[in-house]
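What follows is one structure encoded as structure tokens, with my remarks underneath.
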4 protein chains.
Amino acid sequence: MTGGTFDKEYDELTGRLYFRDTHVPEMLRRGRCRLDVTLETVMMVDSLELDDAARARIVERARASRERAIVVTHGTDTMVQTAAALAAASLAGKTIVLTGAMVPYAFGSSDGLFNLGSALSFVQVLPQGVYVAMNGQHFQWDAVRKNTDTGTFEAI
Amino acid sequence: MTGGTFDKEYDELTGRLYFRDTHVPEMLRRGRCRLDVTLETVMMVDSLELDDAARARIVERARASRERAIVVTHGTDTMVQTAAALAAASLAGKTIVLTGAMVPYAFGSSDGLFNLGSALSFVQVLPQGVYVAMNGQHFQWDAVRKNTDTGTFEAI
Amino acid sequence: MTGGTFDKEYDELTGRLYFRDTHVPEMLRRGRCRLDVTLETVMMVDSLELDDAARARIVERARASRERAIVVTHGTDTMVQTAAALAAASLAGKTIVLTGAMVPYAFGSSDGLFNLGSALSFVQVLPQGVYVAMNGQHFQWDAVRKNTDTGTFEAI
Amino acid sequence: MTGGTFDKEYDELTGRLYFRDTHVPEMLRRGRCRLDVTLETVMMVDSLELDDAARARIVERARASRERAIVVTHGTDTMVQTAAALAAASLAGKTIVLTGAMVPYAFGSSDGLFNLGSALSFVQVLPQGVYVAMNGQHFQWDAVRKNTDTGTFEAI
């Protein structure tokens, strides 16, 4: 987990959105997920604030992981850049799927649970490589962009 | 769609659970799903009430479908039986994934959105055959059972 | 608390509605309620199963209470009968407001939180007596009935 | 309705909170409210941005209203100032109750529905005057402040 809209909360004292803990464990419980999952919160940031050093840290954690299948929850704004950084690292033997949400999980209308179910499924079946899973679809890391007008991911 | 817990509603006049329309279109909107999906409500029943004739109708609709990838939403109690009926029909070239929910989508704590995201993802990537997608996992139709004590699906 | 639709939960193993613990503490937290409230679960039943002995127990607990303002959460089907039983007990000096819900709190679409806010407000301001608070309104115990066709309470 | 946290929405393209339409009609439906209510959206603003001119407009709409009981939904930050402005206008014969929310209704954890049920109940029973209804309590307009550390309203 790296943060992103997925994990934003509403601060009722300031009226602003912020990060506290990740919602992923609660989401896995709600999805009655029975996969053997190891969770790691690498950072908890808005992906617009993710600089090269932070991106390098995500790559480093993926490299250090002993898992062959890795889902990275991530803000949507720079998800494609992080996917490229992960691809550039040539992590042989690993399938890495990045996913996120357009609406925080804490909101009733969030797409987060759908996307988490989707990413966890793709990561089990896709061959090694780096992918983005959003909108029910999966994309190769170098064949996708976020359309900021529609808020959806599309093939390029 | 064939009904199942997925689509149960609370009837506030009788205090009972019942079926009205499917929630799948609303769920796809919430998941910001951009897949090209054709929806068909084959029936709207509790899977405990699904007899051979009803099951034959589900098989028939799957056979008639021009889609190569089919997700069947279904009650969990007899999901494995319907999977077996679909497998027995030898629908060459089709990937069929059955999914459902332990808690109605209309409840806040439903696993339905997670499972729908999961099933729609598996169906795009798995080779032809008949599968059950529940609890974040996928199972071959003949290698799974519902554990009624835990309410989860497990490999056999 | 006496149960009622308010507090029904969905049992994901049996697919039936049942009672576990009351949701009222969680509802008070969600409403950021700052009233000095003492909670007591008298029973946890469907009000259709509430017999004279159970009703007498509710009256007894209201009589024993040292509070001057009492909210009784109750199933809607026999709420008016329990209101009558409380009125017959002539509990001088007490304002008692019965409320409930048409949809369980655990469902996204529940009226429970609205009704709880309403009942807790009426009970602070109304003169002594026994009332039903539903649908944003309050009724004297002997001037109300549940309209089972519309699922709403109305003056008689 | 004047806006406030109550009615904030999440803009999934910008990641910011904003106002669109009020949620009050949906909230009244969810509360199964049967009161004869006339709704008027006077403005849709964050109460921190409410200046004297805007406040005068709220007072003017209250004066022009033919209702004897008026609920004003309002941001919590300057709710007490607007209550004072309404009190200064000496609107004889009217009971005016201001309420709001600490968390947007669109979030699962909102206090909005509780507060709306509370305000609509207080306004029917309290004598003429101007009040704030928050946290399950009611306060005279000149005997309340918002504690910005706790996010609750308290008597002064």
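The values are calculated or read from the model by the stated rules, or taken from the named source; none is laboratory data. A quick note: this is a predicted structure, and the numbers were derived from the prediction, not measured. Positions of Cβ are generated from backbone atoms using ideal geometry, with glycine treated the same way; all protein chains shown enter the neighbour counts. The area values use the complete protein model at the heavy-atom level, side chains included, leaving out ligands, DNA and RNA. Shrake-Rupley method; radii C 1.70, N 1.55, O 1.52, S 1.80 Å.
Data overview
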read-out	value
Reachable aspartates and glutamates, given that their alpha-carbon falls under 16 Å from the alpha-carbon of D:LYS94 and they are not under 8 places away in the same chain	D:GLU60, D:GLU67
Over segment C:1-154, relative contact order from alpha-carbon pairs under 8 Å, at least 6 apart, %	24
Contact order normalised by residue count of segment A:95-156, Cα under 8 Å, 6+ apart, percent	29
Shape call, segment C:22-156: gyration tensor on alpha carbons, a/c limit 1.5	rounded
Heavy atoms of C:THR76: accessible area, 1.4 Å probe, square angstrom to 10	10
Inter-copy label distances at B:ARG29 (7 Å, Cα→Cβ; nm, one decimal)	1.1, 3.0, 3.2
Listed residues D:ILE96, A:ILE156 arranged by accessible area, highest first, probe 1.4 Å	A:ILE156, D:ILE96
Percent accessible area from carbon and sulfur atoms, segment D:96-156, protein chains only, probe 1.4 Å	49
Long-range amide H partners of D:ASP11 with built H, under 5 Å	D:ARG16, D:LEU17, D:TYR18
Segment B:42-113, relative contact order [Cα under 8 Å, separation at least 6], %	30
Number of partner chain Cβ atoms within 10 Å, mean per residue of B:101-107	5
For C:GLN140, inter-copy label distances in nm, listed shortest first [label point 7 Å out on the Cα-Cβ vector]	3.0, 7.5, 7.9
Other copies of D:MET44: label-to-label distances in nm, shortest first, labels 7 Å along the beta-carbon direction	3.2, 3.2, 4.2
Between D and A, accessible area buried - total, square angstrom, nearest 100, 1.4 angstrom probe	1400
Label zone at D:ALA92 (point 7 Å along Cα-to-Cβ), backbone N below 17 Å, segment D:128-142	D:128-130
Sequence-distant lysines (8 or more away, or on other chains) whose Cα lies within less than 23 Å of D:LYS8	A:LYS8, D:LYS146
Radius 13 Å from Cβ of B:THR41, net charge of other residues (Lys, Arg +1; Asp, Glu -1)	0
Cα gyration tensor category, rounded, prolate or oblate, for the protein assembly as shown with a/c compared to 1.5	oblate
Helix-only mean residue ellipticity at 222 nm for chain A, each DSSP H run of n ≥ 4 adding -39500 (n - 2.57), per residue, nearest 500	-8500 deg cm²/dmol
Cα lying deepest toward the dipole's positive end in segment B:1-85, options B:THR2, B:SER65, B:ALA84, charges on Cβ	B:SER65
11 Å beta-carbon shell around A:SER65, net charge (K/R +1, D/E -1)	+2
Alpha-carbon centroids, segment D:105-149 and segment B:137-156: separation in whole Å	50
Cβ-defined net charge surrounding B:PHE114, 13 Å radius [Lys, Arg +1; Asp, Glu -1]	+2
Vicinal HN-Hα couplings computed from phi for segment C:8-16 (Karplus, 6.51 cos²θ - 1.76 cosθ + 1.60; Hz; Gly/Pro x)	6, 10, 9, 8, 6, 8, 9, x, 10
Other-chain or far-sequence residues with amide H under 5 Å of B:PHE153's (modelled H)	B:ASN147
Three-way shape call for segment C:75-118 based on the alpha-carbon gyration tensor, with the a/c threshold at 1.5	oblate
Low-density loop cleavage sites - trypsin sites (Lys or Arg not before Pro) in segment B:20-68, where at most 13 other Cβ are within 10 Å (DSSP)	B:ARG20, B:ARG66, B:ARG68
Cα-projected label distance for A:TYR18 with D:ASP51, points at 7 Å along beta-carbon direction, nm	3.0
For D:VAL144, residues with placed amide H under 5 Å, excluding near neighbours	D:ILE156
Heavy atoms of C:GLU60: accessible area, 1.4 Å probe, square angstrom to 10	90
Dipole magnitude of the protein assembly as shown about its Cα centre (Cβ charges: Lys, Arg +1; Asp, Glu -1), debye to nearest 20	0
Among C:LEU48, C:LEU35, C:LEU120, residue whose mean-square fluctuation peaks in a GNM of chain C (springs only between Cα atoms under 10 Å)	C:LEU35
Dipole magnitude (debye, nearest 20) for segment C:20-156, charges at Cβ of Lys, Arg, Asp, Glu	540
